[in-house]
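The structure under discussion appears below in the form of structure tokens.
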Amino acid sequence: MRTSLNPVRQAERLYHDLLSPAEVLEVRDRVRKIAAAVVAPVAGRIAHGDERVDGFPRDVFDSLATAGLSHAPFTAEVGGEGLANPITATAVAIEELAYQSSSVAVVFDVHCILAGNALTHGTVAQQRAWLRPVAEGSMVGAFATTEPDASSDLSPKAVQTVAERTADGWVLNGHKRWISNSPAATFSVRPHRDSSDKLKGLRPAGRRQPALAVPDGGTGHGDRERTHAVPEGCATSRRR
């Protein structure tokens, strides 16, 4: 009789990894063991917790970072593993984390794939300041996409958050809501447009930003309009 609440694994029965490279198989095995040891014992607590500062699974996040899981998506130049198949390896890592906790998988996804991947398009200075700590797991990244009238549609017409250049850097003005990782985020990456109505790159913002996303109730879901000053060093990333 099965005692686990987790579904029966289907990957092996379906030859899921038949063509997977050896390094991807190694990542799967490594993450599976770490997830069983670190994530599984607290998955219930995380699933039933509130999305707030003291509900963010920082202990799990730090353990995954210590185990080097956040290295997988990135190149060696920014502190990553430098894998030949980083996308597949990252997808496998998320799959194994999700088997134990979909919440932890989302935390990892937002941190590495959304916030982290956006920063790979930044300048060398931005990558040094923001991307390397993401790969190390010493910072928590968030991705502020959703607005009252924009989410899957990120066209300039839909995105209402505006960035304006000032003498001291930039000012972001607009609404962002439902920002995963925001309760514990060190920074967020925020799609925006400029005053000419052109959709711009992704701007990392400094440590003050969580107040932008977390409402007074502390639930981690923001739906408020704020004007926020962004330091000069956090300029818009390059488009490719």
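The values are calculated or read from the model by the stated rules, or taken from the named source; none is laboratory data. Everything quoted here is computed from the prediction, not taken from an experiment. No Cβ is skipped: glycine too gets one built from the backbone with ideal geometry, and neighbour counts run over all protein chains shown. Surface areas here come from the heavy atoms of the whole protein model, side chains and all, with no ligands, DNA or RNA. Shrake-Rupley method; radii C 1.70, N 1.55, O 1.52, S 1.80 Å.
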### Task
Of all residues in the stretch 139-162, count the ones that are open to solvent by less than 20 Å² (accessible area, probe 1.4 Å), under 16 Å from the mean Cα position of the chain (by Cα) and more than 22 Å from THR66 (Cα to Cα).
1
### Query
With respect to VAL8, is the statement that it is β-branched (Val, Ile, Thr) and under 22 Å from VAL140 (Cβ atoms) true?
no
### Message
Between a residue in the stretch 3-24 that is in contact (Cβ under 8 Å) with a residue 40 or more places away in the chain and more than 23 Å from SER101 (Cβ to Cβ) and any residue that is assigned to a loop (DSSP other than H, G, I, E, B) and open to solvent by less than 70 Å² (accessible area, probe 1.4 Å), which pairs come within a Cβ distance under 7 Å, given they are 6 or more apart or on different chains?
### Response
PRO21/ASN85; GLU23/LEU83; GLU23/ASN85
### Message
I want to confirm something. Restricting to the stretch 107-138 and keeping residues that are farther than 20 Å from ILE34 by Cα and not in a helix (DSSP H, G or I), which single residue is least open to solvent (accessible area, probe 1.4 Å)?
### Response
GLY122
### Query
What tally of residues in the stretch 163-185 results from selecting those that are in contact with a helix residue (DSSP H, G or I) (Cβ under 9 Å, 6 or more places away or on another chain), open to solvent by 30 Å² or more (accessible area, probe 1.4 Å) and closer than 17 Å to LEU119 by Cβ?
1
### Task
Spot the failing condition for TYR99; the list is (1) over 18 Å from the mean Cα position of the chain (by Cα); (2) closer than 23 Å to THR120 by Cα, and only one is missed.
(2)
